[in-house]
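Chemist: Sending over a structure as structure tokens; questions will come in a sec.
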Amino acid sequence: MAEIGFYHLTRSTLEQALPRLLGRVLAIPARAQVLCASEERMKSLDDALWLCPEPDWLPHGTRDPAEQPIFLTVQDGPAANGAAHLFLTEGAESAHLADYARAFDLFDGGDERAVAAARQRWKAAKEAGHTLAYWQQTEKGWERKA
């Protein structure tokens, strides 16, 4: 079973928060796969990762997954790049959570539908036996909530 962290974005956008989280994964060192809900979001995140100021270099791509430390995709499946970490964006869901050591479910706290959908994903993940954690952005950064 995977460890799934639900990341409640309240102080920044996905494009602002994702690069720092991915930077931490690369520092382990480990690989990550980012599952996007749409081609448009994948393009937006691709651009954001190239332009982010911190960390200033995030090697990633949307093609040739085996070559990518961070692979962005809209296709659910086992880690095409050998990733141990899966990032789920905009409500994207994966049938392959157990293939990863850790999953990050990032959702927009300003969107009531996104929050309600995250609650449903939490319930389903709990029923499936995954280890869960809930993180919320605060003024000081990410804070784990009970």
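The values are calculated or read from the model by the stated rules, or taken from the named source; none is laboratory data. Predicted model, so just to flag it, every value in this text is computed and none were measured. Positions of Cβ are generated from backbone atoms using ideal geometry, with glycine treated the same way; all protein chains shown enter the neighbour counts.
Chemist: Would it be correct to say that ALA124 is of a type in the set (A, V, I, L, M), touching a helix residue (DSSP H, G or I) at 6+ places or on another chain (Cβ under 6 Å) and part of a helix (DSSP H, G or I)?
Modeler: Taking the combined requirement at face value, the residue does not satisfy it.
Chemist: Could I ask something else about it? Could you tell me which residue of segment 88-108 is surrounded by the fewest Cβ atoms within 10 Å (Cβ to Cβ), considering only residues that are of a type in the set (A, V, I, L, M) and part of a loop (DSSP other than H, G, I, E, B)?
Modeler: Here the answer is ALA95.
Chemist: Here's another thing I want to ask about it. Filtering segment 10-33 down to residues that are free of Cβ contacts under 8 Å to residues at least 40 places away in the same chain and either crowded, with 16+ Cβ neighbours inside 10 Å or charged (D, E, K, R) (or both), which residue is farthest from ASP99 (Cα to Cα)?
Modeler: GLU15
Chemist: Kindly establish whether ALA27 is over 15 Å from the mean Cα position of the chain (by Cα), modelled with pLDDT under 95 and not charged (D, E, K, R).
Modeler: Judged against the criteria, ALA27 is not a match.
Chemist: Considering only residues of segment 34-44 that are out of contact with any helix residue (DSSP H, G or I) (no Cβ under 8 Å at 6 or more places or on another chain) and outside any helix (DSSP H, G or I), which is surrounded by the fewest Cβ atoms within 10 Å (Cβ to Cβ)?
Modeler: Restricting to residues being out of contact with any helix residue (DSSP H, G or I) (no Cβ under 8 Å at 6 or more places or on another chain) and outside any helix (DSSP H, G or I), the top hit is SER38.
Chemist: Another question, then. Hey, TYR7 hits all of (1) surrounded by 15 or more Cβ atoms within 10 Å (Cβ to Cβ); (2) at pLDDT below 95 but one; which does it fall short on?
Modeler: (2)
Chemist: Are there any pairs with C-beta distances below 6 angstrom linking a residue in segment 68-82 that is in contact (Cβ under 8 Å) with a residue 40 or more places away in the chain to a residue that is basic (Lys, Arg) and assigned to a loop (DSSP other than H, G, I, E, B), with the two at least 6 apart or on different chains, and if so which?
Modeler: What qualifies is PRO69/ARG31; ASN81/ARG31; GLY82/ARG31.
One line per residue, one yes/no per condition, for (1) on the phi < 0 side of the Ramachandran plot; (2) more than 11 Å from the chain's Cα centre (by Cα); (3) not aliphatic (A, V, I, L, M):
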residue: ILE4; (1), (2), (3): yes, no, no
residue: SER12; (1), (2), (3): yes, yes, yes
residue: GLU39; (1), (2), (3): yes, yes, yes
residue: TRP57; (1), (2), (3): yes, yes, yes
residue: PRO65; (1), (2), (3): yes, yes, yes
residue: ALA101; (1), (2), (3): yes, yes, no
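Chemist: Across segment 45-58, what is the total count of residues that are part of a loop (DSSP other than H, G, I, E, B) and touching a residue at least 24 places away in the same chain (Cβ under 8 Å)?
Modeler: Adding up the residues that qualify gives 4.
Chemist: Filter segment 73-87 for residues that are closer than 20 Å to ARG24 by Cβ and of a type outside the set (Phe, Trp, Tyr); which is surrounded by the fewest Cβ atoms within 10 Å (Cβ to Cβ)?
Modeler: For segment 73-87, the residue satisfying everything is GLY82.
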